[in-house]
Each structure stands twice: as C-alpha cells, then as structure tokens.
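For reference, the structure discussed in these notes is given below.
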Amino acid sequence: MSRVNFSLYLVTDRKQTSGRPLLEVVEKCLAAGVRAVQLREKDLTTRELFALATELRELTRGYGAALLINDRIDVALALEADGVHLPGDSFPAESARKIVGPDMLIGASSHSVAEAKEAEAGGADFIVFGPVFDTPSKRPYGPPQGLDALRAVRQTISLPLFAIGGITPGRVRAVKEAGADGVATISALLGAPDPGCATRDFLKELEARQ
C-alpha cells in the first residue's frame, strides 16, 4: 500500500515568489490544501538551509502536511523531516534507503524510463518525472520530454508518478490521462498572484474524474 497520500507536490524556490516571503506564500498554499512540500533551495549554506527548514517544518506540521528535503539527507535526518527528495544526480535510492531507514519517504526525480526503474527497484516511494512541458526552471535538464515519455514511464513502474515541468491546472487532465497520479510544481503556485486560489484550481482538476 502506498504511503503517498498527496497529489499536489509543492517544490520551493524563494526566487519565484514575486518578492514575497517564501514562508508566507507556502502557508497560503498549505491553507488551501497542499499536503506535501519539498524544500529545494540549493544556494543556501547548511546553516541557512537548516534554519529555513526548521521554520518550514513547524509550518507544515501545523497543517498536517509532509515536508521533504531536497538532496540533503543529513538535514532531513537532523530535522526529522517526513522524507528526502533525490534529484537525478544525488544518491541512488537504494543507498539513501540504507541511510534513512524504512519509515522516511523517498521521492526520486527521473528523466528517463531507466532512471525511474532504478529508483523503484532501489526503494523509492514515488517518482517525479519531467520536464513534461517547457519551463525555465527545468531547461538545464534538457528539452521537454512530452506526454508520450510520461506514458512510457507509467507503463514501466507501479509507484505513484508525478509530472513536473510547465504544469498548469489546464494541463492536469492531459498528464493524468498519460498516467500521472499527481503533479509537482514550482512557479505555478509560488508565482501565482493568489497562491491559495491557484492551489484550489490544481486540486479541483486533480480530484476530477477523468
């Protein structure tokens, strides 16, 4: 039975909040129904990241939401976060599982069927695949993969599958039809004029029958 009980996965980037404090924007999303947040602030020092993670841990706990830390297994363990998220250039899922134990959630980014299969075999709890559509934050990872590639991953793995990269509420139906169980997003929530309204729009589409 899957331990992943969310369909909307908010990934942080404090540079995409239109100048608003990150925690303020995240709280609006949590209040509107987000139940999983990945802290992904790669340019912070360890001390800065831990301080921000501590504040975010308190915030997510208050809303009953899961907090996952991108890449930094040490920070996730020290904070007693709910999980860790492994980017494509991080630890293999199998190695990470040995460190974090059986209870912590492991999310893994993948950009190919092979990477998704490896993460599933290694003990990841869910896969984030992309970029499905073009988006500035994912251009360093290559051109958009498209819906056919997402469909190919779905046909290969049984883990919960999240689509990332240029996802908007209007594209949710398409990625669900291609096999995604949920979506991960950065700017569509953090950069929205009304993050709470944007969250509700996503959740409405995610909960709609296909």
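Take the Cβ-Cβ distance between Arg47 and Arg200 as r, set R0 to 35 Å, and report the resulting FRET efficiency rounded to the nearest 0.05.
Values: r = 36 Å, r/R0 = 1.02.
After rounding, the FRET efficiency stands at 0.50.
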Would you mind calculating the gained length between Asp103 and Arg173 on full extension (0.36 nm times residue separation, minus the Cα-Cα distance), in nm to one decimal?
22.0 nm
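Which pairs break 30 Å Cα to Cα here: Lys42/Lys98; Lys42/Lys117; Lys98/Lys204; Lys117/Lys176; Lys28/Lys98?
On the way: Lys42/Lys98 24 Å; Lys42/Lys117 26 Å; Lys98/Lys204 37 Å; Lys117/Lys176 20 Å; Lys28/Lys98 35 Å.
As for pairs spanning more than 30 Å Cα to Cα, those are Lys98/Lys204; Lys28/Lys98.
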Of the candidates Val26, Val172, Val100, which one comes out as most mobile in a Gaussian network treatment of the chain with C-alpha springs shorter than 10 Å?
Val100
Rg and Dmax of the chain, Cα atoms only, in Å
15.7, 45
Run through segment 23-66 and list the trypsin sites (Lys or Arg not before Pro) located in a DSSP loop whose Cβ has at most 12 other Cβ atoms within 10 Å.
Lys42
Per the 1/(1 + (r/R0)^6) rule, R0 = 25 Å and r from the Cβ atoms of Ser158 and Ala78, FRET efficiency to 0.05 is 0.20
Considering amide H positions built from the backbone, and no H for Pro or chain starts, which residues 5 or more places from Val128, or on another chain, come under 5 Å of its amide H?
Ala108, Ser109, Ser110, Phe162
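Just so you know, all these numbers are worked out from the coordinates, no wet-lab data involved. In this text the structure is predicted, and so the values were computed from the model without any measurement. Ideal geometry is used to build each Cβ from the backbone, glycine not excepted, and the neighbour counts take in all protein chains shown.
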